[in-house]
1. Grab the strands (runs of 3 or more DSSP E) fully contained in region 27-106, keeping just those with 3 or more residues being in contact with a strand residue (DSSP E or B) (Cβ under 8 Å, 6 or more places away or on another chain) and over 23 Å from residue 4 (Cβ atoms).
2. Within region 1-26, how many residues turn out to be in contact with a strand residue (DSSP E or B) (Cβ under 6 Å, 6 or more places away or on another chain) and not in a helix (DSSP H, G or I)?
3. When you look at residue 109, is it modelled with pLDDT of 95 or more, more than 17 Å from residue 15 (Cβ to Cβ) and surrounded by fewer than 18 Cβ atoms within 10 Å (Cβ to Cβ), yes or no?
4. Could you figure out which of (1) surrounded by 18 or more Cβ atoms within 10 Å (Cβ to Cβ); (2) in contact with a helix residue (DSSP H, G or I) (Cβ under 6 Å, 6 or more places away or on another chain); (3) within 27 Å of residue 97 (Cβ to Cβ) isn't true of residue 48?
C-alpha cells in the first residue's frame, strides 16, 4: 500500500473512532461529502513529496482537513479542532510497510461567512518505508 493511502486510512480511522469527536460532528468523510449537514469534517487532498535520509526511503505529506459548522459559536470550532488534534496524536506509528515518524499540526485558517464557519487545518506528516 502506498504511504499516502496508509496514513489517510489511519487518520480516518482515528477520527471516526473518537467517540467524543463523533458526538460533535455529523460526519467525517473521505473527500467531499455527497450529503451531509453541518457540522461535518472532511479529509481533503494530501500533497506528497519524497523525504528521507541515508538508507531511509520516506515520504512527507501535508494533509488537509476541512471543518464546516453553521451558527455563531466560534467556541465550538475551537472545541472540535482541539478534539481532532487529540485524536490524531493517538495514531499508532506502525502502518503496514510504513512507519509514521511524525504527525504535527502545521497551520490553520478559520473563515466566517454570513451563515457558517469554515476551518482548514493542515498537518505535516513524515513516514519511512520499513523494507
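1. Correct list: 56-70.
2. Result for region 1-26: 2.
3. The answer is yes for residue 109.
4. (1)
The values are calculated or read from the model by the stated rules, or taken from the named source; none is laboratory data. None of the values given here were measured: they were computed from a predicted structure. With ideal geometry, Cβ positions are generated from the backbone for all residues, glycine too; neighbour counts draw on all protein chains shown.
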